[in-house]
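Rule-based calculations on the coordinates, nothing more; no lab input. Here the structure is a predicted model, which means the values were calculated and not measured. Note: ideal-geometry Cβ built from the backbone for every residue, glycine included; neighbour counts use all protein chains shown.
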Amino acid sequence: LEFADMARVYEIDPAVMARTAAWLASGQQSDGSWTPTEGGIAEGAINQYQGQALRTTAYIAWALAEAGQGGRSLERALAYLRSSIGSTDDAYTLAVAANAFAAAKDGAAREVLARLVKAGKADEDGMHWESSGESAVYSRGDVLAIETTAIAAQALIRFAKGVVVSYRGTW
C-alpha cells in the first residue's frame, strides 16, 4: 500500500511492487487468508493484527488491489473476505475490508459498506465510527475512532462517488 501511494508522486520500480506482491502471496494460506506469525518482518499492520486473519487479509487485499497486483492471490483473498466478513461487526475491520473490495471493484463492497453505514454513530456533528483494540498505527480510544472514521469515509468516497450518505445511516 505504501509503494502504491508513493508511486503516485515518485517513480517506483514496478519490479519492487511485483516482488512485494509475490512475497505476500507466498504467505497466503490455502483458504485465501493471511495469518501473520510471530517474528520475521512484523511492522505496522502485520504486527498489530497478530492473530486477526480477517483484518490482516483485508489489509493485504486492499494493498494488492491498490497496487494493481491482483491476480490469483487477490482473487483468493477476496473470496475469503466474502465468506468471512459476516463474522465481525468491528467498524475498523469493516472499513478496511470495504476499501479492499472497492479498490478491487468487487461487488461485495456494497454489502460491506451498507453494514458499515449501519454501524456508524450519527449525532449533531455528523457521522463517525468507533472501534476497539488498536489499529495498525497503535491508535486507541478517540484517536482510533478518528482513524476508523477516516478509513470508512475513504471507502465510501471511493465506492460511492455521487451517492449521498445521510446522517440516518441510509444511502
Cα-projected label distance for ALA160 with LYS121, points at 7 Å along beta-carbon direction, nm: 2.0
ILE146-ASP89 FRET efficiency (beta carbon distance; Förster radius 22 Å; 0.05 resolution): 0.65
Förster-model FRET efficiency, 25 Å R0, GLU75 and THR35, C-beta, rounded to 0.05: 0.85
